[in-house]
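Student: Would you mind keeping the following structure in view while I ask a few things?
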Amino acid sequence: MYLCVCRAVRQSEVDRAIDKGCMTFKDISDQTGCSKECGQCAQTVKGYIDQRFDTPAMGSLRLVG
């Protein structure tokens, strides 16, 4: 899926940038070129970044009392 149509940046490219260590919108924008044209994709890309970093930890303990 395209996250930035102007620069033809796909979700998979943003995933690769994150996997390479990009952690902020600016990092990802610099790496992929997204949101460098018109900026309309900025909120979509930021939302996707938040979604990627907001995954619950696997195997966490929950105390029930």
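Student: Considering each residue of region 1-31, count those that are touching a residue at least 12 places away in the same chain (Cβ under 8 Å), over 9 Å from the mean Cα position of the chain (by Cα) and over 11 Å from VAL45 (Cβ atoms), and give that number.
Tutor: Residues meeting the conditions: 3.
Student: Can you tell me how many residues within region 21-60 are surrounded by fewer than 13 Cβ atoms within 10 Å (Cβ to Cβ) and either assigned to a helix (DSSP H, G or I) or modelled with pLDDT of 95 or more (or both)?
Tutor: Selection size over region 21-60: 6.
The values are calculated or read from the model by the stated rules, or taken from the named source; none is laboratory data. Here the structure is a predicted model, which is why all the values come from computation and not from measurement. Reconstructed Cβ throughout: ideal geometry from the backbone, glycine too, with neighbour counts over all protein chains shown.
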